[in-house]
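To keep things clear, I will list the structure first and then write my remarks on it.
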Amino acid sequence: MEPVPPDRVLTVPNLLSALRLALIPVFIYVLMFAHANALAVAILVFSGASDWADGKIARTLNQSSRLGVLLDPAVDRLYMVTVPVVLALSGIVPWWFVITLLTRDVLLAAALPLLRSRGLSALPVSYVGKAATFALMSGFPLVLLGTWDALWSRVIGACGWGFLIWGMYAYLWSFVLYAVQMVLVMRRMPKVGEHG
């Protein structure tokens, strides 16, 4: 069994997660109201890099914490909802793409009460799910960079769509893997309070 992370707040990973959280409304304003696409790209790149860095720092410098265990994935989920919705509202990605991603997340969230009935808070994160999130978070800034009227921009935008399409398929495949795990949990684990 993994040790419970210490109950501390002031760590570098928590600071990075809090900064990423604070940048979400800034990203919305910058892209939708200021129409400063370059700054919006910079925010997404910083957020992606700091998301990788906070996990690395937490492990390397032993700065993991209970707050970090909750805050980091919560901020990731907020980004995975906010960024595609804002890009769709700005006409940069189609709504069918966003609805596909959000439907998958809603279905996973709907399964949480079933997991809790078996005494679990979540399913283990799969490498496919991590790879999907990485591909999507890499693809969004590239697609945004593809909005300029220049050849370099169109090439980068096409690469971004490659990431997004691959990421979406991996995202859906990770949902299938989670669904299989869910079925196994429902069949093999008794409800909390039941004895078999």
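The values are calculated or read from the model by the stated rules, or taken from the named source; none is laboratory data. For clarity, every value in this text was computed on a predicted model and none was experimentally measured. Here the Cβ is made from the backbone with ideal geometry for all residues, glycine too, and neighbour counts use every protein chain on show. Side chains included, ligands, DNA and RNA excluded: accessible areas come from the protein's heavy atoms. Shrake-Rupley method; radii C 1.70, N 1.55, O 1.52, S 1.80 Å.
Using Cβ point charges alone (K and R +1, D and E -1), the dipole size of the chain about the Cα centre works out to roughly 480 debye.
Our coupling estimate for the stretch 113-121, obtained by passing each phi through the Karplus curve with A = 6.51, B = -1.76, C = 1.60 and θ = phi - 60°, is x, 5, 5, 5, 5, 9, x, 10, 9 Hz, Gly and Pro reported as x. Projected onto planes of every orientation and averaged, the convex hull of the alpha-carbon atoms in the stretch 69-173 covers 7.0 nm². In whole percents, the pair-distance distribution calculated for the chain from its alpha-carbon pairs, binned every 10 Å from zero, is 8, 30, 33, 20, 6, 1, 0.
Diagonalising the gyration tensor over the Cα atoms of the stretch 145-196 and scaling each eigenvalue by 5 before taking the square root yields semi-axes of 46, 9, 4 Å, largest first. In a fully extended conformation the segment linking Val183 and Ala150 would gain 6.9 nm over its present Cα-Cα distance, using 0.36 nm per residue. For the chain, the per residue solvent-accessible surface stands at 59 Å², with DNA, RNA and ligands left out and a 1.4 Å probe. In whole percents, the pair-distance distribution calculated for the stretch 92-150 from its alpha-carbon pairs, binned every 10 Å from zero, is 18, 38, 27, 13, 4, 1. Between amide H atoms placed 1.01 Å from N, distances below 5 Å from Arg8 occur with Arg66, Leu67, all of them 5 or more places distant or on a separate chain. Simple spin-label estimate for Ala158 and Met32 gives 3.2 nm between the two label positions (7 Å along the Cα-to-Cβ direction from each Cα). Considering only protein heavy atoms and a 1.4 Å probe, what is the carbon-and-sulfur percentage of the accessible area of the stretch 1-150? Of the solvent-accessible surface of the stretch 1-150, carbon and sulfur hold 72 percent.
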